[in-house]
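The values are calculated or read from the model by the stated rules, or taken from the named source; none is laboratory data. Note that the coordinates shown come from a computational prediction; the quantities given were computed from them, not determined experimentally. Counting neighbours? That spans all protein chains shown, and the Cβs are built from the backbone with ideal geometry, glycine included.
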Amino acid sequence: MPSRPWHHSKAPLGSCTIEPMPDFILIDQPSALEDLIADWTGQPWLGLDTEFVRERTYHARLCLIQLASPKGLALIDPIALGDWRMLFALLDAPETVKILHAAGQDLELFHDARPDRLPAPLFDTQIAAGLLGHPPQTGYAALAQQLLDISLPKLHARSDWSRRPLGQSELAYAADDVRHLAALHDQLSQSLSDKNRLNWAQAA
């Protein structure tokens, strides 16, 4: 598996926090995905997460891709789409920092879909938090609570994401997994900069 291209742009991303965040859109048709890619190309940042299930062989099956950008929130349904790999046009954009939390499993899924290259550049909020003294395995919900004073529900943490159709509450739960990544990025980046540790995040 290729090495993880962890990177943090030295240039400021501007205001990453979306307030209020528009409702998410569900992308389950190729034409809608094409439109999203065209509309979101060139954005300074992209929040990224996935939902998956482990099958009997323990192989992870990708079931949902969650995205956030200054444009809003989108949920990509790879099961309905079949071939969703045109999305790599966004995930590879060098001008767009991809913000994830605990990105290892997400990168494994993207590697399965395209073994020769991983999305880049990346900023992992879990790694950044660890560099600031948070416990190494601090979860996304815990970090949002600690840094943003936001409580995220855990109602659907064990949902069967391969089931269709997914309920609105499940989709909303999935959207929340990327809704606050940009705000976390802002706080963590500023704290790292204040402690002269941004280069640590770049090397992680």
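Going by the structure shown, is Gly42 small (Gly, Ala, Ser) and in contact with a helix residue (DSSP H, G or I) (Cβ under 9 Å, 6 or more places away or on another chain)? Taking the combined requirement at face value, the residue does not satisfy it. Determine whether Leu155 is assigned to a loop (DSSP other than H, G, I, E, B) and either on the phi < 0 side of the Ramachandran plot or within 20 Å of the chain's Cα centre (by Cα) (or both). Answer is yes for this residue. Ser169 meets the conditions (1) of a type in the set (S, T, N, Q); (2) surrounded by 15 or more Cβ atoms within 10 Å (Cβ to Cβ); (3) not in a loop (DSSP other than H, G, I, E, B) in every case but one. The failed one is (2). Beta carbons closer than 6 Å, at least 6 apart along the sequence or on distinct chains, pair a first residue in region 31-42 that is at negative phi with a second that is surrounded by fewer than 16 Cβ atoms within 10 Å (Cβ to Cβ) for Ile37/Ala89; Trp40/Lys71.
Among the conditions (1) assigned to a helix (DSSP H, G or I); (2) under 20 Å from Leu181 (Cα atoms); (3) not hydroxyl-bearing (Ser, Thr, Tyr), the only one that Lys98 does not satisfy is (1).
Would you check if there is a residue in region 139-153 being over 15 Å from Arg179 (Cα atoms), of a type outside the set (Phe, Trp, Tyr), surrounded by 19 or more Cβ atoms within 10 Å (Cβ to Cβ) and modelled with pLDDT of 95 or more? The answer is no; no qualifying residue exists. Pairing each residue of region 118-133 that is more than 15 Å from Ala144 (Cα to Cα) with any residue that is of a type in the set (Asp, Glu), provided the two are 6+ apart or on different chains, yields C-beta distances under 8 Å for Pro119/Asp92; Ala120/Asp92. Give the residues of region 167-193 that are touching a helix residue (DSSP H, G or I) at 6+ places or on another chain (Cβ under 8 Å), among the hydrophobic types (A, V, I, L, M, F, W, C) and more than 14 Å from Pro70 (Cα to Cα), sorted by residue number. Hits for region 167-193 are Leu184, Leu188, Leu192.
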